[in-house]
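Presented below is the structure to which this report refers.
The values are calculated or read from the model by the stated rules, or taken from the named source; none is laboratory data. In this text, all values refer to a predicted model and were calculated from it rather than measured experimentally. FYI the Cβ positions are ideal-geometry reconstructions off the backbone, even for glycines, and counts take in every protein chain you see.
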Amino acid sequence: MGVTIYALRRLIASLILLIIASFLVFGGVRTIFDPTARLSKNKDVQARERERVRLGLDKPLIVQYKNWMSGVIKGDFGREDIGSEQVADKLKKGFSKTFELALWGALVAACFGITFGIVAAIRRNRPIDYAVTAFSYFGIAVPTFAFAYVLMNMFALWLPNYFGSSEPWLFTTATTQGSFARGYDGLWSLASISDYIRHMLMPIMVLSVQLIASWSRYQRASMVEALQSDYIRTAHAKGMSKYRVYTRHALRNSQVPMVTVMALDIGLLFQGLIITEFVFSIPGLGKVFTDALSVGDATTIAGWTLVTATFVILANLIADLLLPVVDPRIRTT
């Protein structure tokens, strides 16, 4: 009963937060972007006013928000300000590509980040710990776009030229006959798997490097704190094997803060997606956002931001629900 009430409370709190976020998103976008600004160049005041009426901008902000949210609840995010395509259709087209890249990036970051942090904590103040720390500083400090261009030059130009290859080792865009353009057709053949990897590997590396660096540092700090606890010393004193101490006690207890950190970093993941998709020409949600931003398409930007905020809030809700599972000592009442 206590778990059910806890989950219900978290769900209600997330819904309230989503409503507040949606209003702030809509109000902020409408304040910053004026879809009729392009008409001011023609100095046609009447045409601009007609456009404002067509878009509903002549109504109070709260009325605009109510009309917009009533459509969003039905799956209608409105029509793009410059053009005739439905925003929902644009978001649907980009979602599958973004989800594919985000899923791989998060999995790679979790595997390597947690592993590096555990190894660094167990081998604390040894060369491997210093190596992980140096990599973490590099991953956090290097700009995403700069790391992307270094990889592109390395795997598409420098290394192939050095070894006399006539084609790049890894592809730098998604516009060729690759995984993003072709989908999953023929994925299970050896040639298609190789082609898929050659298209996916660089974007995944770029997307995950900062997450690996950040998560490895948090995992190391959390694991070190757990290893210095009294119950760990007691387990050693009882003659328990190191493997069991590390996996059953230290690792499990160190995952509590990691679950929260990983959920919060979903926002960082979407930030990386925008840059990664732009650099590698991936037709995902990041490209939808950059294209809308370049022309000041307020309706598309509002829809994209709401979808992003929804995923961030959902990730934090999942983290809140997972915490009592990871550590039963956390109260759920």
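Spot the failing condition for residue 96; the list is (1) modelled with pLDDT under 85; (2) of a type in the set (Ser, Thr, Tyr); (3) buried (at least 16 other Cβ atoms within 10 Å of the Cβ), and only one is missed.
Condition (3) is where residue 96 drops out.
Which number in (1) buried (at least 21 other Cβ atoms within 10 Å of the Cβ); (2) not in a loop (DSSP other than H, G, I, E, B) marks the one condition that residue 282 misses?
(2)
Please tell me if residue 155 is closer than 27 Å to residue 223 by Cβ, within 25 Å of the chain's Cα centre (by Cα) and part of a helix (DSSP H, G or I).
Taking the combined requirement at face value, the residue does not satisfy it.
Under 18 Å from residue 286 (Cα atoms) and more than 22 Å from the chain's Cα centre (by Cα) - does that describe any residue in segment 75-82?
Yes, that holds for at least one residue.
Please enumerate the residues belonging to segment 70-109 that are in contact with a Ser or Thr (Cβ under 9 Å, 6 or more places away or on another chain) and in a helix (DSSP H, G or I).
Correct list: 72, 87, 90, 91, 100, 101, 104, 105, 106, 107, 108, 109.
Hey, among 165, 179, 136, which residue is buried (at least 16 other Cβ atoms within 10 Å of the Cβ), in contact with a helix residue (DSSP H, G or I) (Cβ under 9 Å, 6 or more places away or on another chain) and modelled with pLDDT under 80?
179
Can you report the number of residues in segment 218-233 which are farther than 13 Å from residue 124 by Cβ and not polar (S, T, N, Q)?
Result for segment 218-233: 5.
Would you check which residues across segment 70-86 are of a type in the set (D, E, K, R) and farther than 22 Å from residue 36 by Cα and list them?
If the condition is that a residue be of a type in the set (D, E, K, R) and farther than 22 Å from residue 36 by Cα, then 74 is the only one that fits.
Which members of segment 262-286 meet the condition of being charged (D, E, K, R) and at pLDDT 85 or above?
If the condition is that a residue be charged (D, E, K, R) and at pLDDT 85 or above, then 277 is the only one that fits.
Return the residue satisfying two criteria in turn: it lies in segment 205-220 and is farther than 13 Å from residue 145 by Cα and surrounded by fewer than 23 Cβ atoms within 10 Å (Cβ to Cβ), and of such residues it is nearest to the chain's Cα centre (by Cα).
214
Please list, ordered by first then second residue, the pairs with beta carbon atoms under 6 Å, 6 or more apart or interchain, first in segment 284-298 and closer than 19 Å to residue 204 by Cα, second of a type in the set (Ser, Thr, Tyr).
Listed pairs, sorted by first residue: 284/98; 285/98.
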